[in-house]
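Note sheet for the following structure.
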Amino acid sequence: MKKYSYHLLLVVAFCFLHTRSVTAINAQKICELKHKIGSEKFPSNFSFGVSTAAYQIEGAWNEDGKGLSIWDTFTHDHPEMIDDRSNGDIGPDSYHRFEQDLAALKELKVNFYRFSISWPRILPNGDISSKNQKGIDYYNMVINKLISNGIEPMVTMIHYDLPQALSDLGGFTNEIFIKYFRYYADTLYENFGDRVKVWVTFNEPFDYCVPGYGSCNFPPMVRASGVADYMCMETTLKAHAAAYRLYKAKYFETQGGKVGITISSRFLYSKTNDNDAVDRGMQYSLGWLAHPIFSLSGNYPYIMIEDIVSNSQKEGRAWPRLSALKSWWLNAIKGSGDFLGLNYYSSRYVEEALPPKGVVPSWDHDAHLKYDIDSKWRRAKSTWLYCVPEGLEDLLKWIRDNYNNVEVIITENGWSDEGTLDDSERIDYLKAHLQAVLNAVNSGCNVSRYTHWSLIDNFEWQRGYTEKFGLYYVNLTSENKERIPKRSAIYYKRVIETKTVIDN
Ligand code: NOJ
């Protein structure tokens, strides 16, 4: 027994020292990662793709029976909220120009294409009574052309563009949303599931719930922080589980595909080796949805439950703002993901903010953390995007260790600039992040795919067309809206051909 505790002590001490040294080394790096000699090649079954989203590329906002989404309403009613007062009414116009996107995809030789379906194009009112055959025909055309060109379709069911009709019912704060989403998912599986084998239910829930229902920066512009944003996350979690369970019960046997969810996350480092702050930060971000779905125990991270229950009591509330998940839901949610879709762009340093910052109540105040950057990290055009490739490697290892090495699909990763064709910074970013993925794979992380954001320059939400993430430039002012390959497109193509992180 004594010997046992001695060993335990050694293991704990080793883990502690190891984490400390990893944190210290990482602080030195800038936008590059070293190759590990002899291990530059990805496994033969690893695949590469690119990603887009319906509202950001399709245009045709009111054509062929499409209903309104909250992004149509938001950009039309509040042009002042978009940096260049633009919108997605036309944009790259992929609804009419899929052939041009396909030509780019073929040129890149991607293994798969992640795109999203516009829910109001298929079900204009959000419910199945309003089925729009023209919308279904459009996505059938996209899927069939991809497949006939050897490109696998990977579909996101909703990428921010909630049908306005459902938002009018309260959107993600009304539990009825779960039923609507389940029927929408059913429609997708039924119409496309014979050919689509990888489904992402939701894209970046934190990013539409907290600004959309908390701080009022995103549609549907609800200002109820610490309350409605928490309801939005809960509804998302339940709707995701409902769509997952539906697939397993009704479609898996005949269609045999996978269903997951895409969560955005940074990795967090501590300048003072404060592992509690790092853990708190990870649980409050990635953990909020990933813990209930992918951890062995299920449920929200313990630290969130503890804090928010106690804060709600202090605020004199009758019940906690983070509601307890009933056991039926806990079980439905736990394990409801065949893969974790990960959007990774950047990382931060973190420390506890005491006294807590942010308005009361809010996610910021509950989490009570402060974030910082390293002055050596190179910044993109986007103010939030710093190049921290080691963050991706460390994040993948964190997922491996915390979520039972679940399969991870990197569903987004990319760099913004002014749109130059000679985009050497994007190549540096891409190369370093591919190396980070490869290092993680070589360390036993179960990563199966890498998806670059984005195929083409597109509507970057509140930044309008002022920040460009594409491997292809789109001439938005010309009649034909040509897609022109940037240098990064040529680079990525060679990576895909060789499955190797080539130098240049
Ligand atoms: C993640 C979002 O999913 C995508 O829509 C957005 O364009 C990129 N981040 C870049 O900000």
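The numbers here are math on the coordinates, done by the rules we state, and not lab data. The structure presented is a predicted model; accordingly, all values stated were derived computationally and were not measured. Because the Cβ atoms are built from the backbone with ideal geometry, glycine has one as well, and the counts that use them run over all protein chains shown.
Simple spin-label estimate for Asn144 and Lys370 gives 6.0 nm between the two label positions (7 Å along the Cα-to-Cβ direction from each Cα). Each label was represented as a point 7 Å from its Cα along the Cα-to-Cβ direction; for Leu330 and Glu497 these points are 5.5 nm apart.
Listed by chain and number, the lysines placed with their C-alpha closer than 29 angstrom to that of Lys357 are Lys271, Lys314, Lys370, Lys376, Lys381; residues fewer than eight positions away on the same chain are left out. With the charge dipole of the chain set up from +1 on Lys and Arg Cβ and -1 on Asp and Glu Cβ about the Cα centre, the Cα lying farthest toward the positive end among the listed residues Tyr180, Val259, Val227 is that of Val259. Dividing the summed -39500 (n - 2.57) terms of all DSSP H runs of n ≥ 4 by the residue count of the chain sets its mean residue ellipticity at 222 nm at -12500 deg cm²/dmol.
Potential lengthening of the chain between Tyr302 and Ser443 amounts to 47.9 nm, from the contour at 0.36 nm per residue minus the alpha-carbon distance.
With a Förster radius of 30 Å applied to the C-beta separation of Lys134 and Ala249, the computed FRET efficiency comes to 0.50. Among the listed pairs Lys334/Lys431; Lys34/Lys258; Lys109/Lys197; Lys34/Lys397; Lys106/Lys250, which are separated by more than 25 Å between their Cα atoms? From the list (Lys334/Lys431; Lys34/Lys258; Lys109/Lys197; Lys34/Lys397; Lys106/Lys250), the Cα-Cα distance tops 25 Å for Lys334/Lys431; Lys34/Lys258; Lys106/Lys250. Averaging the sequence gap over all C-alpha pairs within less than 8 Å and six or more residues apart, then dividing by the number of residues, gives region 53-184 a relative contact order of 32 percent.
Loop-only trypsin sites (Lys or Arg not before Pro) in region 216-277, please: DSSP not H, G, I, E or B, and at most 16 other Cβ atoms within 10 Å.
Here the trypsin sites (Lys or Arg not before Pro) that fit, given the DSSP loop and packing criteria, are Arg223, Lys271.
Assuming charge only on the beta carbon of Lys and Arg (+1) and of Asp and Glu (-1), the dipole of the chain about its Cα centre is about 1560 debye to the nearest 20. Global dimensions of region 355-504 from alpha-carbon coordinates: Rg and Dmax equal 17.7, 56 Å.
As a calculated quantity, the FRET efficiency between Ser424 and Asp89 at R0 = 35 Å, using C-beta atoms, amounts to about 0.60. Charges were assigned to the Cβ only: +1 to each Lys and Arg, -1 to each Asp and Glu. The resulting dipole of region 278-336 about its Cα centre is roughly 160 debye.
Of the peptides 206-216, 349-359, the ranking by mean beta-carbon count within 10 Å, highest at the top, reads 206-216, 349-359.
Averaged over residues, the count of other Cβ atoms within 10 Å places the peptides 172-185, 408-421 in the sequence 408-421, 172-185, highest first. Which one of Pro356, Gly91, Tyr269 is farthest out on the positive end of the charge dipole of the chain, using unit charges on Cβ (Lys, Arg +1; Asp, Glu -1) and the Cα centre as origin? Selected residue: Tyr269. Beta bridges per DSSP, both residues in region 36-498: antiparallel share near 20 percent.
Starting from the coordinates of the alpha-carbon atoms of the chain, obtain the Kirkwood hydrodynamic radius over all distinct pairs and give the value in Å to one decimal.
For the chain, inverting the mean 1/r across all distinct Cα pairs yields 23.3 Å.
Estimated from the Cβ-Cβ distance and a Förster radius of 41 angstrom, the FRET efficiency linking Glu407 and Glu479 is about 0.40. Available extension along the chain between His76 and Phe46 is 6.6 nm, counting 0.36 nm per residue and deducting the alpha carbon span.
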